[in-house]
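The values are calculated or read from the model by the stated rules, or taken from the named source; none is laboratory data. It should be emphasised that the depicted structure is a prediction, and the values quoted were computed from it without experimental measurement. So basically every Cβ, Gly included, is an ideal-geometry build from the backbone, and we count neighbours across all protein chains shown. With ligands, DNA and RNA removed, areas are computed over all heavy atoms of the protein, side chains included. Shrake-Rupley method; radii C 1.70, N 1.55, O 1.52, S 1.80 Å.
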Amino acid sequence: MKPFSRHGKLVRDRIPQIIREDGAEPVTYTAGREEYRSRLRDKLGEEVAEFLESDEDSAPEELADVLEVVRALAADLGVGTSPCVVDTLMPTPVGVGRG
């Protein structure tokens, strides 16, 4: 998830390829590390806002988008996203369940 569109937004890895397959030539560049991290943070805010505004039908897809950005941020920061890694990063379990 590193290239940017001409509009300055992050695009998924396959989007330039899909555009080429449709007969157009995308204009992209690869951001430096700091810009990439900053754009990922912006993208996370966008995706969370979309999730919060979504209805029950579209919520799973929007949540998947949030998780994709979280995974990209974790990779960029050099940490994993498996439950055991997340547990070691959290100082105190939060317990966000229903019960």
Inset, instruction - Examine the stretch 50-57 for a residue that is of a type outside the set (S, T, N, Q), at pLDDT 95 or above, more than 18 Å from D13 (Cα to Cα) and open to solvent by less than 50 Å² (accessible area, probe 1.4 Å), and state whether such a residue exists. - result: no
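Residue-by-condition table, conditions (1) open to solvent by less than 80 Å² (accessible area, probe 1.4 Å); (2) modelled with pLDDT under 80:
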site	(1), (2)
V11	yes, yes
R37	yes, no
E62	yes, no
G99	no, yes
Legend entry - Conditions (1) hydrophobic (A, V, I, L, M, F, W, C); (2) open to solvent by less than 70 Å² (accessible area, probe 1.4 Å); (3) assigned to a helix (DSSP H, G or I): number failed by A24: (3)
Legend entry - Answer residue from the stretch 58-76, given it is charged (D, E, K, R) and touching a residue at least 24 places away in the same chain (Cβ under 8 Å) and is farthest from V11 (Cα to Cα) among those: D76
Inset, instruction - State yes or no: is E68 out of contact with any Ser or Thr (no Cβ under 6 Å at 6 or more places or on another chain) and at pLDDT 95 or above? - result: no
